[in-house]
Amino acid sequence: MDKFLDELTIEDLKGEARELAETIGLDAFKRLVQAYNGTGRLYIPQLSRITAPIRDRHIYEDHKHGGLDVPKLALKYALTDAYTRQIIKERERIEKRAVRPVSK
């Protein structure tokens, strides 16, 4: 580790760097700095993007096992009816592929 990085404290940081260090902890922040060092390669996705597959599984389960229809699901998950139908159809395709026997 860089000798100056060893001495780095939260108080030394400003703006977004300080906010990030306060959020994830100074040690984790230092590891990120070492790994990415201003390369611009670090992308932090939006929360809604990384949790969408989980939301979609919940929608499908609520539809399949909970008996909720599309309008109720759309309202519950704050989506349009059309997008909710699209999610259900995609999850059905995924489920069918998962149970399809493997041919030899």
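The values are calculated or read from the model by the stated rules, or taken from the named source; none is laboratory data. Keep in mind the model is a prediction, meaning the values are calculated, not measured. A quick note on method: Cβ atoms are made from the backbone with ideal geometry, for glycine too, and the neighbour counts reach across all protein chains shown.
Going through (1) assigned to a loop (DSSP other than H, G, I, E, B); (2) at pLDDT 95 or above; (3) closer than 30 Å to Leu20 by Cβ one by one, Pro45 falls short only on (2). Kindly evaluate Ala35 against the criterion of being free of Cβ contacts under 8 Å to residues at least 24 places away in the same chain, part of a helix (DSSP H, G or I) and either over 30 Å from Phe4 (Cα atoms) or in contact with a Cys (Cβ under 9 Å, 6 or more places away or on another chain) (or both). Considered against the rule, which asks whether it is free of Cβ contacts under 8 Å to residues at least 24 places away in the same chain, part of a helix (DSSP H, G or I) and either over 30 Å from Phe4 (Cα atoms) or in contact with a Cys (Cβ under 9 Å, 6 or more places away or on another chain) (or both), Ala35 comes out as no.
Considering segment 59-102, and only residues there that are of a type in the set (Asp, Glu) and assigned to a helix (DSSP H, G or I), the residue that is surrounded by the most Cβ atoms within 10 Å (Cβ to Cβ) turns out to be Asp62. Contact map, segment 69-93: residues that are farther than 19 Å from Ser48 by Cβ and modelled with pLDDT of 95 or more paired with residues that are of a type in the set (Lys, Arg) and in a helix (DSSP H, G or I), Cβ distance under 6 Å, separation 6+ or inter-chain. Pairs shown: Val70/Arg85. Residue under question is Asp56, and the condition is that it be touching a residue at least 24 places away in the same chain (Cβ under 8 Å) and either surrounded by 13 or more Cβ atoms within 10 Å (Cβ to Cβ) or farther than 26 Å from Glu90 by Cβ (or both); does it hold? Considered against the rule, which asks whether it is touching a residue at least 24 places away in the same chain (Cβ under 8 Å) and either surrounded by 13 or more Cβ atoms within 10 Å (Cβ to Cβ) or farther than 26 Å from Glu90 by Cβ (or both), Asp56 comes out as yes. Residue-level check: of (1) surrounded by 13 or more Cβ atoms within 10 Å (Cβ to Cβ); (2) among the aromatic types (Phe, Trp, Tyr); (3) more than 30 Å from Ile87 (Cα to Cα), Tyr36 misses just (1).
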